[in-house]
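Asker: Let me begin by handing over the structure; questions about it come next.
The values are calculated or read from the model by the stated rules, or taken from the named source; none is laboratory data. Remember, predicted model here, so these are calculated numbers, not experimental data. Because the Cβ atoms are built from the backbone with ideal geometry, glycine has one as well, and the counts that use them run over all protein chains shown.
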Amino acid sequence: MSKMVNRIRLPRAFRPPAQINAEEHTNGHPETGCNGKSAPHEAENGNENEKESTPEPVGFWHPDLRQVRNRAFVKWIITTAFLMGFILAVLSLYWAVFFKVESRLPHLLVYVVDMDGVPPYDNTGNAPFVGPTITQLVQQQLSSEQPTLGWGIRPASEFNNDPLAVRQAVYDWDAWAAIIINPNASALLYSAIANGNASYDPLGACQLVFQDSRDDINWFDFMLPIISPFMTQAQSMVGRTWAQMVLQNASNPTLLANMQNAPQAVNPAIGFSEFNLRPFYPYTGIPAVSIGLIYLIIISFFSFSFYMPIHMQYLKPENHPPLKFPQLILWRWCATICAYFMLSLAYSLVSMAFQINFTHTNSITSETQATNIAEGNPVSYGAATFVVYWMLNFCGMIALGLACENVAMIVGMPWMGLFLIFWVISNVSTSFYDIEIAPGFYRWGYAWPLHSIVEGSRSILFDLHSRLGLDFGILIAWGAVNTLFFPFCCWFMRWKTQHNIHEYWPLD
């Protein structure tokens, strides 16, 4: 038996050093055995076999690479064509939001309420002219072929002849803005000329009521460029009409003396007091309701790749038995939700760190009172404002993140990257820009998660008209639906792994 063992020659790598030295010194030659015959040198043979199994690199146009080149060219063409189609389809969602937007500007309703001459200023003996002149200008705007807003002339009786009721309508989002001709607009002008009232203020004739924090893009890009020239033109028309009326009595020395005492009653005659109920301030709120929320999506997306290696430790039987799959699903879901809870806190703290007000109460006492920006943004829920803001971001992260988790388990890489692009663009297109002036195709955006996050964030940070119940409801619904799909997506991912199914199309 021992002879048979001696005849079995182990490879050099498996022989003990003492045996190798004894064999090499037997005849003074490393290739000579105990019987003086030459023995094979396994190390050199191994190197030769390795050299033979590794082909030498060749040039790109080598004949042996012809089939590989053909396959690579075909796959390159298919991949490029697919990505081009994806770019055209998905990026069009963003570009198309503003396609022919000027034709949809009438969707931005602006009330024009003529209260000039309503009681108790209906028996002054002089016919009101400020209100009728401005409403006539509105009619001209509506009949012109130029892009304009949705001017809506409303009777004063609809608001009980109360300018504050019009402000309330603007706050409640019944209209984007309102132009109010005050009840005493014409009466004060007549009185200023008749009595020489040096304290007459032209700004007391009309009001412009708005809240740019509802949608600063709408206001500054689409509404203000139309409303501002309108007010200038209204001043000009009223001033011209008023000047003609005054000049008819220019020969009256008493009237001329009164005009000298109150020249502002002649020119500019009227003006517009502007009441920004909820201004977009501080400006550090811009990322909190726009670009910053893109990072909320990205954080939700990348949490999958960061946490998945941690979860997979339970399935690798390295010095421990694997975890039961149903319990792994439960652990993954709980761990993901807890991660969103803490990550959303970190995201919310960024806004607080850059001094967006979450604690100090603004001096405004009613919804119709204009906010004083010197006191910062008004808090909506007192000391609980930050907690409400955090919970909105938390629910938003669940809605956005669980959708990413499920899709990642279904499609895998590299398709998940394409879904992220679609997810960002579809959410941004329907949340950063007003759906009212987007094509009708985008009405589905009201149900998209980021739209509710943006609307809720604006409401919390700027004390706007609140629809938080609806916003939280939409986000919770997204989280619930994705939670229902979560176990099935986990099972599908395990099935792909067990069957060695790769998401990318085969290259062979």
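Asker: From the list 503, 405, exactly one residue is within 22 Å of residue 307 (Cβ to Cβ), part of a loop (DSSP other than H, G, I, E, B) and modelled with pLDDT under 95. Which is it?
Answerer: None of the other options fit; the residue is 503.
Asker: Give the residues of region 227-258 that are modelled with pLDDT of 80 or more and touching a Gly at 6+ places or on another chain (Cβ under 8 Å), sorted by residue number.
Answerer: If the condition is that a residue be modelled with pLDDT of 80 or more and touching a Gly at 6+ places or on another chain (Cβ under 8 Å), then 235, 257 are the ones that fit.
Asker: Follow-up question, since we're still on this one. Quick one: in region 376-402, of everything that is among the polar types (S, T, N, Q) and modelled with pLDDT under 90, which residue is farthest from residue 445 (Cα to Cα)?
Answerer: The residue in question is 377.
Asker: A further question on this structure: State whether one or more residues within region 115-131 are in contact with a strand residue (DSSP E or B) (Cβ under 6 Å, 6 or more places away or on another chain) and either among the hydroxyl-bearing types (Ser, Thr, Tyr) or loosely packed, with under 14 Cβ neighbours inside 10 Å (or both).
Answerer: No.
Asker: Residue 122 versus (1) over 38 Å from the mean Cα position of the chain (by Cα); (2) at pLDDT 90 or above; (3) among the acidic types (Asp, Glu): which is the lone unmet condition?
Answerer: Status for residue 122: all satisfied but (2).
Asker: Let me ask you something else. Restricting to region 408-456, give me the number of residues that are free of Cβ contacts under 8 Å to residues at least 40 places away in the same chain, more than 18 Å from the chain's Cα centre (by Cα) and not in a helix (DSSP H, G or I).
Answerer: Here the count works out to 0.
Asker: Same structure again: Run down 486, 492, 472, 462 and say which single residue is touching a residue at least 24 places away in the same chain (Cβ under 8 Å) and touching a Lys or Arg at 6+ places or on another chain (Cβ under 7 Å).
Answerer: 462
Here's the yes/no breakdown for (1) within 15 Å of residue 395 (Cα to Cα); (2) loosely packed, with under 12 Cβ neighbours inside 10 Å:
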| position | (1), (2) |
| --- | --- |
| 285 | no, no |
| 288 | no, no |
| 300 | yes, no |
| 305 | no, yes |
| 308 | no, no |
| 311 | no, no |
| 317 | no, yes |
| 321 | no, yes |
| 344 | yes, no |
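Asker: Residues of region 73-86 being without any contact (Cβ under 8 Å) to a residue 60 or more places away in the chain and surrounded by 12 or more Cβ atoms within 10 Å (Cβ to Cβ), which ones?
Answerer: 79, 82
Asker: One residue is enough: does region 157-169 have a residue meeting the conditions touching a Gly at 6+ places or on another chain (Cβ under 6 Å), at pLDDT 90 or above and surrounded by 20 or more Cβ atoms within 10 Å (Cβ to Cβ)?
Answerer: No, region 157-169 contains no residue that is touching a Gly at 6+ places or on another chain (Cβ under 6 Å), at pLDDT 90 or above and surrounded by 20 or more Cβ atoms within 10 Å (Cβ to Cβ).
Asker: How many of the residues in region 192-219 are outside any loop (DSSP other than H, G, I, E, B) and either within 44 Å of the chain's Cα centre (by Cα) or free of Cβ contacts under 8 Å to residues at least 40 places away in the same chain (or both)?
Answerer: Summing the residues that are outside any loop (DSSP other than H, G, I, E, B) and either within 44 Å of the chain's Cα centre (by Cα) or free of Cβ contacts under 8 Å to residues at least 40 places away in the same chain (or both) in region 192-219 gives 15.
Asker: Residue by residue through region 61-80, note down the ones that are among the β-branched types (Val, Ile, Thr) and under 18 Å from residue 414 (Cα atoms).
Answerer: Result: 77, 78, 79, 80.
Asker: Run residue 358 past the list (1) crowded, with 19+ Cβ neighbours inside 10 Å; (2) at positive phi and report the number of the one that doesn't hold.
Answerer: Failed condition: (2).
Asker: With respect to the numbered conditions (1) outside any helix (DSSP H, G or I); (2) surrounded by fewer than 18 Cβ atoms within 10 Å (Cβ to Cβ); (3) in contact with a Lys or Arg (Cβ under 8 Å, 6 or more places away or on another chain), which one is the sole condition not fulfilled by residue 275?
Answerer: Checking residue 275 against (1) outside any helix (DSSP H, G or I); (2) surrounded by fewer than 18 Cβ atoms within 10 Å (Cβ to Cβ); (3) in contact with a Lys or Arg (Cβ under 8 Å, 6 or more places away or on another chain), the one that fails is (2).
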